[in-house]
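Single-structure report; data block below.
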Ligand code: NCD
């Protein structure tokens with residue numbers, strides 16, 4: 001694999017291959033000396049056209065732990081602010097021969113566009129608009145692998161509720177693809193404006209996937225019913241920056257109807273763990289009591305972000321070398 005653009009079309013085996021690579025990287029990250037020479041002499045450019053804390057930092061740490069040279073590009077401080085197009089910016093960067101471009105962009109499809117136009121460089125999607133955020137879903141899965149290590153079916157046959165602004169969430173989309181491949185029961189939970197029923201149909205019969213291999217996808221507009229018996233609740237942030245109209249009457253009302261708190265979890269999903277990709281809007285999509293409490297896997301998610309990105313960076317460079325008949 002030369003690029004990682006999304007998890008749509010990834011098979012269960014692909015997902016486990018990524019997770020197994022990442023597990024080795026977890027071990028490296030736990031050492032006193034957290035550096036291996038795997039990508040020495042390789043150059044990684046982090047092209048971030050949208051705000052990021054966790055994703056950008058963890059891609060940078062991941063590249064450095066593999067001994068690559070890592071360059072961070074921020075759109076506001078570049079010629080993009082002078083009117084340069086995405087393709088021109090990327091072509092200029094490619095002229096400096098980087099091995100990997102990690103891109104975050106507000107336009108869905110931007111990483112695919114670069115991958116199609118920059119043949120000599122591996123492209124990794126760090127979040128494209130409302131479309132996909134594959135490394136986030138992989139780090140979420142790795143966190144669940146660790147949490148459910150003693151469970152007979154591991155991270156398969158789980159009940160996963162994804163709650164909140166599903167419509168605008170790339171994290172939700174990538175997680176849906178992953179969990180359907182794992183055969184999980186995925187419930188999309190939120191108001192009709194943010195979880196339209198058509199979404200479920202569109203996702204349940206994806207191009208190139210055989211429906212028989214997939215888990216179950218359902219839509220639920222009632223929070224209690226949606227999380228009932230869930231093993232995992234993934235909370236999503238309200239993506240106000242992507243909303244061009246009022247999708248909910250007010251954040252207070254949204255929080256009242258769909259906010260995750262300990263009271264509702266105790267009653268409907270007493271055993272569940274809670275995840276959140278960050279940034280968390282405390283008191284809106286989830287209460288502080290839950291996010292700081294014993295069910296929360298949020299800090300482990302962030303730690304695993306480094307390992308997963310190390311695994312992905314290594315895989316795409318190795319994949320590109322293999323394609324060129326070389327070895328790393
Ligand atoms: C998410 C993103 O940017 O898509 N955050 C992240 O990468 N950790 C989710 C969000 O912004 O709400």
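The values are calculated or read from the model by the stated rules, or taken from the named source; none is laboratory data. From a predicted model like this one, the values you see are computed outputs, not experimental measurements. Note that each Cβ is placed from the backbone with ideal geometry, even for glycine, and that neighbours are counted across all protein chains shown.
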**Message:** Going by what's in this entry, would residue 312 be described as crowded, with 16+ Cβ neighbours inside 10 Å and either under 30 Å from residue 120 (Cα atoms) or touching a helix residue (DSSP H, G or I) at 6+ places or on another chain (Cβ under 7 Å) (or both)?
**Reply:** yes
**Message:** Based on this model, can you work out whether residue 317 counts as touching a residue at least 12 places away in the same chain (Cβ under 8 Å) and either more than 16 Å from the ligand (Cβ to nearest atom) or outside any helix (DSSP H, G or I) (or both)?
**Reply:** yes
**Request:** Report yes if residue 158 is away from the ligand (no atom under 16 Å from the Cβ) and either closer than 30 Å to residue 254 by Cα or within 16 Å of the chain's Cα centre (by Cα) (or both), otherwise no.
**Result:** yes
**Message:** For the structure I just gave you, tell me whether residue 270 is in a loop (DSSP other than H, G, I, E, B), within 27 Å of residue 25 (Cβ to Cβ) and either within 16 Å of the ligand (Cβ to nearest atom) or modelled with pLDDT of 95 or more (or both).
**Reply:** no
**Prompt:** Looking at region 61-96, which of the residues that are farther than 25 Å from residue 242 by Cβ and touching a strand residue (DSSP E or B) at 6+ places or on another chain (Cβ under 7 Å) is modelled with the lowest pLDDT?
**Reply:** 93
**Message:** Against the conditions (1) loosely packed, with under 15 Cβ neighbours inside 10 Å; (2) over 26 Å from residue 237 (Cβ atoms), where does residue 53 fall short? Just the number, please.
**Reply:** (2)
**Request:** Could you check region 1-117 for helices (runs of 4 or more DSSP H) lying wholly inside it with 2 or more residues that are closer than 25 Å to residue 278 by Cα, in contact (Cβ under 8 Å) with a residue 24 or more places away in the chain and within 16 Å of the ligand (Cβ to nearest atom)?
**Result:** 54-65, 110-117
**Message:** Suppose the filter is modelled with pLDDT of 95 or more and assigned to a strand (DSSP E or B); does residue 154 pass it?
**Reply:** no
**Request:** State which residue is modelled with the lowest pLDDT when the search covers only region 215-239 and only residues that are away from the ligand (no atom under 16 Å from the Cβ), in a loop (DSSP other than H, G, I, E, B) and within 22 Å of the chain's Cα centre (by Cα).
**Result:** 215
**Request:** For region 286-298, indicate whether the set of residues that are within 16 Å of residue 169 (Cβ to Cβ) and either out of contact with any helix residue (DSSP H, G or I) (no Cβ under 6 Å at 6 or more places or on another chain) or crowded, with 21+ Cβ neighbours inside 10 Å (or both) is non-empty.
**Result:** yes
**Item:** region 258-278 residues that are closer than 12 Å to residue 231 by Cα, paired with ones that are within 16 Å of the ligand (Cβ to nearest atom) and in a loop (DSSP other than H, G, I, E, B) (beta carbon under 8 Å, 6 or more apart)
**Value:** 273/297; 274/297; 275/297
**Asked** Counting only residues that are part of a helix (DSSP H, G or I) and away from the ligand (no atom under 16 Å from the Cβ), how many does region 240-254 have?
**Response** 2
**Message:** I'd like to know if region 200-214 contains one or more residues that are in contact with a helix residue (DSSP H, G or I) (Cβ under 7 Å, 6 or more places away or on another chain), surrounded by 15 or more Cβ atoms within 10 Å (Cβ to Cβ) and at pLDDT 95 or above.
**Reply:** no
